[in-house]
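Structure, as structure tokens:
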Amino acid sequence: MTTDTLTSESLIQIEDQYGAHNYHPLPVVLSKGEGVYVWDVEGKKYFDFLSAYSAVNQGHCHPRIIGALEKQARRLTLTSRAFYNDKLGEFEKFASELFGFDKLLPMNTGAEAVETALKIARRWGYEKKGIAENEAQIIVCKNNFHGRTTTIISFSNDPVARKNFGPYTNGFIKIEYDNIADLEDAIANNKNVVAFMAEPIQGEAGVYVPQEGYLAKAKQICEENNVLFIADEVQTGIARTGKLLATCGNCSCNVSCEKKPEVKPDILILGKAISGGVYPVSGVLANNDIMNVITPGSHGSTFGGNPLAAVVAIEALKVIQDEKLAENAARLGEIFRSELNAFIETCDLVKLVRGKGLLNAIVINDSEESDTAWNICLKLRDNGLLAKPTHGNIIRFAPPLVMTEDELMECIAIIKNTLSSF
């Protein structure tokens, strides 16, 4: 019997038996995706309201991105960086000009890109700022999510990610997110700080949006103290929040920033939707005075910058521009929050709706230890919409940015009806 003839229950059992239990998926087995929709193995159709944690901003199996993948896959997929290939330079130029930096260092996953940014910042601190060797400190925020590698969990305060994985990596200072005084104190009291790294919106923490002006003030403090500002836009970037980057703030442009953005990171980390969910691609961008500390042999990846990844990423970014997906995210996000905020006035089950663009969340009026949010997501699944809880009592809603207003209103109706049934 092939997997094509197995039921969802059977496929879940196989994965449970032969796969490591490092995830707790919603019990639905998907076999097909197109645009904003996915189908399970029994053929039931759902709205995808997670978008693979914002990796599928351009929608599932976007024909242009798939077309670029297929064409390049028949020609050349991998050379390693032992040789040049004819697509990497094109990708580096395109991305550097689009995001306004001198150079791109390509990797594969978001966690790899974060690790890369940390290495760049540390070497910059030693070679440019004059920090004594092995003394560099990087400031991070509590409740962050930058990945689950050994270094990254060393500065996480999530006990599930950390427990029994020590010893941990030193060199990090944890402060409160959205707290300028904490940042000022951390820099003032630590002469060896080389960088401050933050998410413009804390996604895994429950789509926590900082106060207006927080990022700009943080960047100003960093500049005044010769500290690099690192923006982890793996989840918030590529039009998700209504701008090409969340750090673009409220500037009038939606894609390429001809005007100065609200916040220009010294180091920008991208991943997920930079490939439209078609292929693992990530990258770190910085200007020459920072990026040039990386020299041959100091960092690398066999697959990082491969020609297949380069072609896919270029097309995925062009889709964002050509289909005006940032504008669509901004417009639909306003509708979503307006409709849900009006609804919760009549519903004690939901305490709060928050977000930006099409990265939103609802906070359930229950404890983090409760299973209410999980049960709501099970009912949403039954009603044809897939979402997932985070932090126990928060449900994140992040559909593909190709969604239409009519589709969004249909989804809002599903969410309202589901919540009303509890």
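The values are calculated or read from the model by the stated rules, or taken from the named source; none is laboratory data. For clarity, every value in this text was computed on a predicted model and none was experimentally measured. Positions of Cβ are backbone-derived with ideal geometry, glycine not excepted, and every protein chain shown enters the neighbour counts.
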(message) If residue 345 satisfies all but one of (1) over 17 Å from residue 241 (Cα atoms); (2) out of contact with any strand residue (DSSP E or B) (no Cβ under 9 Å at 6 or more places or on another chain); (3) in the same structural domain as residue 212 (by TED's automatic domain parsing), what's the number of the condition it fails?
(response) (3)
(message) Every residue in segment 275-319 that is closer than 17 Å to residue 55 by Cβ, assigned to a helix (DSSP H, G or I) and among the polar types (S, T, N, Q), please.
(response) 275
(request) Show the residue pairs that are 6+ apart or on different chains and have beta-carbon atoms under 9 Å apart, the first residue being within segment 174-190 and surrounded by 16 or more Cβ atoms within 10 Å (Cβ to Cβ), the second being in a loop (DSSP other than H, G, I, E, B) and basic (Lys, Arg). (result) 174/142; 175/142; 177/142
(message) Quick check on my filter: what residues within segment 362-412 are basic (Lys, Arg) and under 21 Å from the mean Cα position of the chain (by Cα)?
(response) 388, 396
(request) For residue 140, work out the one condition from (1) surrounded by 20 or more Cβ atoms within 10 Å (Cβ to Cβ); (2) more than 18 Å from the chain's Cα centre (by Cα) it doesn't fulfil. (result) (2)
(message) Among the residues of segment 22-34, are any small (Gly, Ala, Ser), touching a helix residue (DSSP H, G or I) at 6+ places or on another chain (Cβ under 8 Å) and surrounded by fewer than 20 Cβ atoms within 10 Å (Cβ to Cβ)?
(response) no
(request) Just need a number here: residues in segment 87-137 that are in a loop (DSSP other than H, G, I, E, B) and of a type outside the set (D, E, K, R). (result) 9
(message) Looking at residue 342 and the list (1) more than 20 Å from the chain's Cα centre (by Cα); (2) at pLDDT below 95, which single condition is not satisfied?
(response) (2)
(message) What's the total number of residues in segment 76-91 that are without any contact (Cβ under 8 Å) to a residue 60 or more places away in the chain and surrounded by 12 or more Cβ atoms within 10 Å (Cβ to Cβ)?
(response) 1
(request) Go through segment 141-162 and give me each residue that's among the polar types (S, T, N, Q), without any contact (Cβ under 8 Å) to a residue 60 or more places away in the chain and either assigned to a loop (DSSP other than H, G, I, E, B) or outside the structural domain of residue 231 (by TED's automatic domain parsing) (or both). (result) 149, 156, 157
(message) Going through 70, 112 one at a time, which residue ends up being within 20 Å of the chain's Cα centre (by Cα) and of a type in the set (Asp, Glu)?
(response) 112
(request) Six or more apart or on different chains, Cβ under 7 Å: which pairs go from a residue in segment 96-107 that's more than 16 Å from residue 243 (Cβ to Cβ) to one that's of a type in the set (S, T, N, Q) and crowded, with 22+ Cβ neighbours inside 10 Å? Could you list them? (result) 105/116; 107/116; 107/282
(message) I'd like the full set of residues that are of a type in the set (Phe, Trp, Tyr) and touching an Asp or Glu at 6+ places or on another chain (Cβ under 8 Å), limited to segment 145-176.
(response) 145
(request) Return the only residue of 348, 366 being touching a helix residue (DSSP H, G or I) at 6+ places or on another chain (Cβ under 6 Å), farther than 30 Å from residue 98 by Cβ and at pLDDT below 95. (result) 366
(message) Tell me the residue from 380, 408 that is assigned by TED's automatic domain parsing to the domain that holds residue 332 and surrounded by fewer than 23 Cβ atoms within 10 Å (Cβ to Cβ), please.
(response) 408
(request) Look at residue 349 and say whether it is crowded, with 20+ Cβ neighbours inside 10 Å and touching a Leu at 6+ places or on another chain (Cβ under 7 Å). (result) no
(request) Please work out which one of (1) surrounded by fewer than 14 Cβ atoms within 10 Å (Cβ to Cβ); (2) more than 19 Å from residue 383 (Cα to Cα) is the condition residue 43 fails and give its number. (result) (2)
